[in-house]
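Worksheet for the structure shown next.
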Amino acid sequence: MRQTLDGKQKAAILLISLGPELSGQVLKHMREDEIEELTLEIAGMRKVEAAVRDRVLEEFHELCLAREYISQGGIEYARNVLE
């Protein structure tokens, strides 16, 4: 069964996967209300299945790659946009 996750759940799974040290670094860049919401989401989570975690990490990786591609710009990017 494929479970649908909202953005908050995905963010919580990502932070759990990053571990305490890296998650702390990420949280430093968030507003207090965002931190509170994510902390509550993390606290309410039961065990995250490996397949679900992997799916969230894969989606995050794809988003990072897309952002990197877009930020490179240039002629090749312009061609792709126009096609």
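What follows draws every value from the coordinates through simple rules; no lab data is involved. Note that the structure is a prediction, hence the values are computed from the model and not measured. Cβ placement follows ideal geometry from the backbone for every residue including glycine, while neighbour counts extend to all protein chains displayed.
Okay, here's what the table says:
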read-out: Rounded to whole Hz, the Karplus (6.51, -1.76, 1.60) HN-Hα couplings of the stretch 29-42, x for glycine and proline; value: 9, 10, 6, 4, 5, 5, 4, 4, 4, 5, 4, 5, 5, 5
read-out: Counting all C-alpha pairs of the stretch 1-67, share separated by more than 17 Å (%); value: 42 percent
read-out: Vicinal HN-Hα couplings computed from phi for the stretch 9-17 (Karplus, 6.51 cos²θ - 1.76 cosθ + 1.60; Hz; Gly/Pro x); value: 5, 5, 4, 5, 5, 4, 4, 4, 5
read-out: Centre separation in Å (Cα based) which lies between the stretch 2-21 and the stretch 34-56; value: 4 Å
read-out: Label-point gap, in nm, between Arg67 and Glu21 - each point 7 angstrom along Cα→Cβ; value: 2.2 nm
read-out: Paramagnetic reach from Leu57 in the stretch 1-21 [backbone N under 12 Å; point 7 Å along Cα→Cβ]; value: 14-19
read-out: Neighbour net charge for Leu38 - beta-carbon separation under 14 angstrom, K R +1, D E -1; value: -3
